[in-house]
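What follows is one structure encoded as structure tokens, with my remarks underneath.
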Amino acid sequence: MTLEDSATLWTGRYIEAHGRALRSIPPKKIAELVGVLRAALDADRQIFAFGNGGSAANASHFATDLGKGASDKIGRRFRVMSLNDNVPWLTALGNDYAYEDIFVRQLQTYARSGDIALGMSVSGASPNIVKALRWARDNGLVTIALAGSRPGGIRDIAQHVIVIDDAHYGRVEDAHMTICHLLCYAFMESSS
């Protein structure tokens, strides 16, 4: 088998597995979350998104698409921010307290009861995501968790949970970004 044949075979398998991961996204849960976001918009609630690594990038991308793209389209502003985007604050919190406090300390500063906390973790067990979602739940925020198929703490904490039926980091992160796009484009392309 040539290197090209091997790469072609691997690519086909990856795309097949990726399709299965995407098909595990439940449309009814997406519709439910669109309703949660609509209620936040109507009540002028703040939406906080956060994650580590690729999930941090997804949180930033989501905040951009919802705060700019969806808000521009509907003519009303979502109050949304990624807790990953203030690097000096993240490093100060991680250095002065602990890495597991980088999101919860920001929520303690910004969040109010009725706001939304959306945490993304492929493993579902990232200590900083678990701690932030637990604090959010205990302080009256609406909690949303996007996770992979590995059992983890955020699945038992959040009120709204979507689990991707895969444990591969790349495929789960891609599926989480698809969910984020679905949530944003529901406002950009429909009358949600």
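The values are calculated or read from the model by the stated rules, or taken from the named source; none is laboratory data. None of the values given here were measured: they were computed from a predicted structure. In this analysis, Cβ positions are derived from the backbone assuming ideal geometry, glycine residues included, and neighbour counts consider all displayed protein chains.
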Pull out all pairs, ordered by first then second residue, where Cβ-Cβ is under 6 Å, the residues are six or more apart or on different chains, the first lies in region 28-42 and is aliphatic (A, V, I, L, M), and the second is surrounded by 13 or more Cβ atoms within 10 Å (Cβ to Cβ) and modelled with pLDDT under 95. V34/S192
All helices (runs of 4 or more DSSP H) inside region 94-192 with 1 or more residues being under 16 Å from N84 (Cβ atoms) and polar (S, T, N, Q): 104-110, 127-138
Please enumerate the residues belonging to region 67-93 that are within 14 Å of M120 (Cβ to Cβ) and either in a helix (DSSP H, G or I) or not hydrophobic (A, V, I, L, M, F, W, C) (or both). S82, N84
Do we have any residue at all in region 69-85 that's loosely packed, with under 12 Cβ neighbours inside 10 Å, on the phi > 0 side of the Ramachandran plot and at pLDDT below 95? yes
So D65 clears everything in (1) surrounded by 19 or more Cβ atoms within 10 Å (Cβ to Cβ); (2) out of contact with any Cys (no Cβ under 8 Å at 6 or more places or on another chain); (3) among the charged types (D, E, K, R) except one condition, right? Which one? (2)
What number of residues within region 1-57 satisfy the criterion of being in a helix (DSSP H, G or I) and either aliphatic (A, V, I, L, M) or in contact with a strand residue (DSSP E or B) (Cβ under 7 Å, 6 or more places away or on another chain) (or both)? 21
When you scan region 89-144, how many residues do you find that are among the hydroxyl-bearing types (S, T, Y), under 15 Å from G51 (Cα atoms) and either buried (at least 24 other Cβ atoms within 10 Å of the Cβ) or in contact with a Gly (Cβ under 8 Å, 6 or more places away or on another chain) (or both)? 4
Suppose we filter region 7-26 for residues that are in contact with a Leu (Cβ under 9 Å, 6 or more places away or on another chain) and either surrounded by 21 or more Cβ atoms within 10 Å (Cβ to Cβ) or under 17 Å from A111 (Cβ atoms) (or both); how many remain? 0
Could you say which residue among F62, F78, F50 is under 21 Å from T143 (Cβ atoms) and in contact with a Phe, Trp or Tyr (Cβ under 7 Å, 6 or more places away or on another chain)? F50
From the set of residues in region 27-62 that are out of contact with any Ser or Thr (no Cβ under 9 Å at 6 or more places or on another chain) and among the β-branched types (V, I, T), which is surrounded by the most Cβ atoms within 10 Å (Cβ to Cβ)? I47
Given the condition modelled with pLDDT under 95, crowded, with 20+ Cβ neighbours inside 10 Å, out of contact with any Cys (no Cβ under 8 Å at 6 or more places or on another chain) and of a type in the set (G, A, S), answer yes or no: does some residue in region 166-189 qualify? no
Selected residue (criterion: nearest to the chain's Cα centre (by Cα)) from residues of region 57-75 that are farther than 18 Å from Y169 by Cβ and of a type in the set (G, A, S): A63
